[in-house]
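Chemist: For reference, the structure I am asking about is given below.
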Amino acid sequence: MRLLITGGAGAIGSNAARLALTRGHEVVVLDDLSSGFRDLVPAGARFVHGSIVDDDALTAAFDPVPDYIIHAAALFANQNSVEHPQADLSVNGLGLIKVLERCKRAGVRKLLFCSSSCVYGGKALMREDDLDLRPDTPYAITKWLGERYVRYWADQHGLDAVSVRLFNVYGPGERPGRYRNVIPNFVDRALHGEALVITGTGDETRDFTFTDDVVAGMFLALSANTEPGSIVNLGAGRATSIRDLAAIINEMTGNAAGVVYAPRRSWDHVPHRLCDPSLARRTFGFSATTELRDGLSRTVNWLRAHRRPPAVT
């Protein structure tokens, strides 16, 4: 099997590439390294440096034609999209269309599109059959748009494709940064003895799902007989408050600096996010098996080995 992973130099894509290689598959990774890292691409994968909006890069990535595609490339994520909405639409909208057109012409067997739980907005019940979605950032809007494009290409062009809505994925391979997720940023600060910054009250909850579980679910979805254009949640189905998350990370790292509170970000209107994983369980037997403490321990160990140097004083 030949697999193309767009955005494959990020945490999710690189872990998917690694798993595919262990199964004996041929892997091509396409990434512009705007948020990914070349050193995450595993040995044995062919790397194409370029963007999904670049026709030359796509031509190189599609030669030879892949059997399957994991489309994980995106302008990541909410804060970035609020500050750069045109770039968000270019990558997450036009870039996806370019990939879908290539799939149609080349006869790709199946595409998996990485969507996001952000499409639900502040909905209390996050189920795939809810059609009254409330995306409230440009990133969430373009992820919802991507699902619609995938459905269109499935309906009109016969492309076998599935969209998976990911819930707060974390794990080794994700580095801290301004536009990154809460866990690597918390761990990074904790490892440097700095107070963890909670934006909001700390009572907000998220459904943190370990990378290995998500990648396993993605391969199950690729191999399953899913309805073309269908949408499936991939999450642990377990709510954790940000205050509890911070306490666990400070405990694991021996960080005595505690936490400080900052105002909630202007675009963040979602107090609670929780996956209903029942459809994925029924459809292809998905279940997130990694306990939060185990996943956090592995994440802390990875970030400890790859942490930034201390600030110059």
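The values are calculated or read from the model by the stated rules, or taken from the named source; none is laboratory data. What you see is a predicted model, and the numbers here were worked out from it, not measured in a lab. Please note: Cβ atoms are built from the backbone with ideal geometry, for glycine as well, and neighbour counts cover all protein chains shown. When the accessible area is computed, the model is the full protein with side chains, heavy atoms only, and any ligands, DNA or RNA have been set aside. Shrake-Rupley method; radii C 1.70, N 1.55, O 1.52, S 1.80 Å.
Chemist: Measure nothing fancy, just the Cα-based angle from helix 138-157's long axis to the longest principal axis of the chain, in degrees from 0 to 90, nearest 10.
Modeler: Tilt of helix 138-157: around 20 degrees.
Chemist: Given springs between every Cα pair under 10 Å in a Gaussian network model of the chain, which of G235, G24, G173 has the largest fluctuation?
Modeler: G24
Chemist: Carbon and sulfur atoms: what percent of the 1.4 Å accessible area of the chain do they account for? Numbers along the way, then the final one.
Modeler: On the way: 6850 of 13250 Å².
Taking all protein chains in place, the chain shows 52 percent carbon and sulfur surface.
Chemist: Report, in deg cm²/dmol and to the nearest 500, the calculated mean residue ellipticity at 222 nm for the chain, where each DSSP H run with n ≥ 4 adds -39500 (n - 2.57) and the sum is divided by the residue count.
Modeler: Numbers: 11 runs with 117 residues, N = 313.
So the calculated ellipticity at 222 nm is -11000 deg cm²/dmol.
Chemist: Distance between the C-alpha centers of the stretch 177-243 and the stretch 1-74? Whole Å please.
Modeler: If you average the Cα positions of each part, the centres end up 21 Å apart.
Chemist: Just add up the charged neighbours of P64: K/R +1, D/E -1, any other residue whose Cβ is under 12 Å from the Cβ of P64.
Modeler: On the way: positive: R2, R46; negative: E26, D63, D67.
Here the charged neighbours net out to -1.
Chemist: Also, I was wondering about something else. How high is the relative contact order of the stretch 48-184? Use alpha-carbon pairs under 8 Å, at least six apart in sequence, and give a whole percent. It would help to have the intermediate numbers written out before the result.
Modeler: Details: 185 pairs, mean separation 37.2, N = 137.
In percent, rounded to a whole number, it is 27.
Chemist: Report, in degrees rounded to the nearest 10, the 0 to 90 angle that the Cα long axis of helix 96-106 makes with the longest principal axis of the chain.
Modeler: Taking the Cα atoms of the chain, the angle to 96-106 is about 30 degrees.
Chemist: Quick check: convex hull of the Cα atoms in the stretch 87-140, volume per residue, rounded to a whole Å³? Could you put the intermediate results ahead of the total?
Modeler: Numbers: hull volume 4.8 nm³, N = 54.
Considering the Cα atoms of the stretch 87-140, their hull volume per residue is 90 Å³.
Chemist: What fraction, in whole percent, of alpha-carbon pairs in the stretch 14-63 exceed 16 Å separation?
Modeler: Details: 474 of 1225 pairs.
Cα-Cα pairs in the stretch 14-63 separated by more than 16 Å: 39 percent.
Chemist: Rolling a 1.4 angstrom probe over the protein heavy atoms, how many square angstrom per residue are accessible across the stretch 14-110? Each step should come with its number before you reach the end.
Modeler: Numbers: 4220 Å² over 97 residues.
Per-residue accessible area for the stretch 14-110 comes out at 44 Å².
Chemist: Normalised by the empirical 2.2 N^0.38 Å for globular proteins, what value does the Cα Rg of the stretch 175-313 take? Intermediate values should be presented prior to the final figure.
Modeler: Working: Rg = 16.9 Å, N = 139, 2.2 N^0.38 = 14.3 Å.
Dividing the Cα radius of gyration by 2.2 N^0.38 Å gives 1.18.
Chemist: Pairs of alpha-carbon atoms within less than 8 angstrom and 6+ residues apart define the contacts here; what relative contact order does the chain have, in percent? Could you put the intermediate results ahead of the total?
Modeler: On the way: 648 pairs, mean separation 54.1, N = 313.
The value is 17 percent.
Chemist: Let me ask something else about it. For the chain, give me the percentage of DSSP beta bridges that are antiparallel, rounded to the nearest 5 percent. Please list the in-between numbers first.
Modeler: Values: 2 of 38 bridges.
Of those bridges, close to 5 percent are antiparallel.
Chemist: What residue among Y68, Y120, Y179 shows peak mean-square fluctuation when the chain is described by a Gaussian network model with Cα springs under 10 Å?
Modeler: Largest GNM mean-square fluctuation: Y179.
Chemist: Moving on to the next point. Could you give the angle, 0 to 90 degrees to the nearest 10, between helix 182-191's Cα long axis and the longest principal axis of the Cα atoms of the chain?
Modeler: Once rounded, one gets 40 degrees.
Chemist: If you don't mind, another one. Within the chain, what is the number of lysine pairs with alpha carbons under 19 Å apart, leaving out pairs fewer than eight places apart on the same chain?
Modeler: Final tally of qualifying lysine pairs is 4.
Chemist: Select one label from (i) 6, 24, 33, 24, 10, 3, 0; (ii) 5, 23, 29, 19, 9, 7, 5, 3, 1, 0; (iii) 6, 28, 37, 22, 6, 1: the one whose number is P(r) over Cα pairs in 10 Å bins from 0, in percent as derived from the coordinates shown.
Modeler: (iii)
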